[in-house]
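The values are calculated or read from the model by the stated rules, or taken from the named source; none is laboratory data. Since this is a predicted model, take the numbers as computed values, not measurements. Cβ coordinates were reconstructed from backbone atoms using ideal geometry, including for glycine residues, and neighbour counts include every protein chain displayed. For accessibility, only protein heavy atoms count, side chains too; no ligands or nucleic acids. Shrake-Rupley method; radii C 1.70, N 1.55, O 1.52, S 1.80 Å.
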Amino acid sequence: AAIFFKIGKSVISAEGMVNVKLMAKIIKDNPTAKYKVAGFADKGTGTVSINQKLSEKRAQAVYDALVAEGVNPNQLEKIAMGGTDPMFEKGYLNRVVILEVK
């Protein structure tokens with residue numbers, strides 16, 4: 001699942017929360033599975049240090065939202081990837097947290 005963010009922001013939108021709630025249900029239904037919460041930023045904007053901090057804040061926001069939905073923190077691993085080259089053709093799509101099975 002992907003939760004996208006506005007430039008320079010780490011606040012989850014209402015649309016993003018829909019994905020968080022859906023993923024929380026899936027994770028809770030699979031209590032033995034482990035998931036990676038990977039935060040990213042758009043390399044084309046911001047400095048390396050700003051993008052690293054932003055990707056950390058984005059991953060933390062999604063992690064916190066999942067835990068608030070009742071997900072066991074032991075199932076989650078947070079990773080901050082910093083600013084990366086476009087993964088999805090458009091740089092702004094890198095302003096994202098990707099949640100995937102480990």
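Results for (1) touching a Cys at 6+ places or on another chain (Cβ under 9 Å); (2) basic (Lys, Arg); (3) open to solvent by less than 60 Å² (accessible area, probe 1.4 Å), shown as yes or no for each residue.
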site: Val37; (1), (2), (3): no, no, yes
site: Ala41; (1), (2), (3): no, no, yes
site: Gly46; (1), (2), (3): no, no, yes
site: Pro86; (1), (2), (3): no, no, no
site: Arg95; (1), (2), (3): no, yes, yes
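So in the stretch 48-84, with the set limited to residues that are among the β-branched types (Val, Ile, Thr) and surrounded by 14 or more Cβ atoms within 10 Å (Cβ to Cβ), which one is farthest from Ala1 (Cα to Cα)? Checked the stretch 48-84; the qualifying residue farthest from Ala1 (Cα to Cα) is Ile50.
Which members of the stretch 18-35 meet the condition of being open to solvent by 20 Å² or more (accessible area, probe 1.4 Å) and in contact with a Leu (Cβ under 7 Å, 6 or more places away or on another chain)? If the condition is that a residue be open to solvent by 20 Å² or more (accessible area, probe 1.4 Å) and in contact with a Leu (Cβ under 7 Å, 6 or more places away or on another chain), then Met23 is the only one that fits. Taking the condition among the basic types (Lys, Arg), touching a Lys or Arg at 6+ places or on another chain (Cβ under 6 Å) and open to solvent by 20 Å² or more (accessible area, probe 1.4 Å), does Lys9 pass? The answer is no for Lys9.
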